[in-house]
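Report on the structure given below.
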Amino acid sequence: MVLNDVCKTALVAFVLALVVTVLPKFMSKFKDVGTAERIRNAISRFVSNIQSKLTSGKSQPEEVGTAYTSPMPFSGDGGWGKATLQATYVVGSFTVYEFRLPKSHYTVPLALGQQLDFCCLSSKDDICTGSFYPFEGNISTGPTAGVVRVVLPNDEKDEGNAKFMGVLRKELQPGEEVAIKPGKSHLTYHGKQVPVTDMVYLASELGIVPVLDQIRAISPKGSSSVKVSSVIWMNDKRGDFDLAMDDLEREYMKYSTKLAVSCIMDDQFSSSAAMEGNREVEEAVPYFNPGTMAVVSGPKRFAEKASGYLMKRGYPQDCICVLP
């Protein structure tokens with residue numbers, strides 16, 4: 001039987017009161033000071049043991065079955081914490097870098113659309129920083145708690161975070177540490193129609209990473225006001241789909257009445273006319289209705305084209321959120 005905190009406190013108080021009342025009368029019967037002292041010490045240890053057992057666990061993280069999780073504290077200078085490079089995984093056109101957190105039950109407390117900031121020193125002692133959306137793809141047998149993962153493209157065509165990516169790819173070895181802390185949140189909606197009832201996601205390449213996180217959060221029944229979500233993931237290389245195809249399929253199978261997923265490959269996405277006139281894109285992108293929010297996520301060139309395409313399709317600019 002598990003006692004709540006009130007019962008625990010009351011029981012401890014009762015034991016202490018009983019000891020205080022009975023102990024003086026009991027000890028007066030012993031003329032031998034040594035014997036009396038030994039009895040007093042034994043009772044004191046007994047009471048302390050009871051109090052420790054009854055009050056233990058108050059500051060422990062909430063347990064889930066036999067395991068528990070708790071938010072990782074970021075109490076270092078500037079709000080930084082630390083993580084240790086643990087392993088890397090090659091997935092299609094990308095490499096996943098897995099970092100171990102200081103404790104196995106830690107999770108990184110991030111909101112939807114919030115990035116995780118990284119900082120480390122290069123071999124030349126240059127300070128290198130980068131911001132990434134953590135990747136929760138099922139590419140490891142390790143638990144979600146205790147680790148955090150980020151993804152880099154293998155082709156090294158970086159538009160940002162270049163210095164940090166270089167260190168991560170070429171210098172950082174398993175067992176070496178980096179500094180991490182919660183970064184900026186970029187998921188914003190300025191539309192006039194609330195609540196949001198329809199979500200439309202246009203993603204390319206690594207832009208699918210924050211989209212996965214969002215559809216997992218809003219798809220379960222009762223988790224949000226969103227009734228229907230449409231994910232359109234576009235790439236110009238087939239290997240790019242390996243990163244999250246299984247995850248998208250899994251989410252679709254769970255929420256097929258609430259989630260639509262379209263994966264479109266076209267090697268002409270670098271051209272300005274890649275979306276307009278593309279039958280697959282035209283069919284996959286829903287028409288705008290009041291209460292619709294669109295999220296564009298991917299490389300800069302893609303984001304600019306996708307935003308322009310949505311506005312031509314009737315989406316107001318204040319209903320379009322572009323994730324970096």
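We did not get these values from a lab; they are worked out from the coordinates using the rules stated. This structure is a prediction, so every number in the text was calculated from the model and none was measured. No Cβ is skipped: glycine too gets one built from the backbone with ideal geometry, and neighbour counts run over all protein chains shown.
If you go through region 120-140 and keep only what is over 16 Å from the mean Cα position of the chain (by Cα), closer than 26 Å to residue 185 by Cβ and surrounded by fewer than 17 Cβ atoms within 10 Å (Cβ to Cβ), you end up with 127, 129.
The residues of region 251-268 that are among the aliphatic types (A, V, I, L, M) and exposed (fewer than 12 other Cβ atoms within 10 Å of the Cβ) amount to a single one, 253. Here is the figure for region 291-307: residues that are out of contact with any Gly (no Cβ under 6 Å at 6 or more places or on another chain) and more than 21 Å from residue 193 (Cα to Cα) total 8.
Within region 164-171, can one find any residue that is farther than 18 Å from residue 148 by Cβ and in a loop (DSSP other than H, G, I, E, B)? Scanning region 164-171, I find at least one residue that is farther than 18 Å from residue 148 by Cβ and in a loop (DSSP other than H, G, I, E, B), so the answer is yes. Contact map, region 217-237: first residue assigned to a loop (DSSP other than H, G, I, E, B), second residue surrounded by 17 or more Cβ atoms within 10 Å (Cβ to Cβ) and among the acidic types (Asp, Glu), Cβ cut-off under 9 Å, separation 6 or more or different chains; pairs are 219/251; 226/198; 227/198; 236/205; 237/205. When the residues of region 167-187 are filtered to those that are among the small types (Gly, Ala, Ser) and buried (at least 17 other Cβ atoms within 10 Å of the Cβ), the one that is nearest to residue 114 (Cα to Cα) is 183. Filter region 188-223 for residues that are crowded, with 16+ Cβ neighbours inside 10 Å and of a type in the set (A, V, I, L, M, F, W, C) and give the result. Matches in region 188-223: 196, 199, 200, 202, 203, 206, 208, 209, 211, 212, 215, 218. Please go through region 300-320 and pick out each residue that is closer than 24 Å to residue 115 by Cβ, surrounded by fewer than 19 Cβ atoms within 10 Å (Cβ to Cβ) and not acidic (Asp, Glu). Listed by number, the residues that qualify are 300, 301, 307, 317. Note on region 208-222: residues that are touching a strand residue (DSSP E or B) at 6+ places or on another chain (Cβ under 7 Å), of a type outside the set (S, T, N, Q) and farther than 23 Å from residue 299 by Cα amount to 1.
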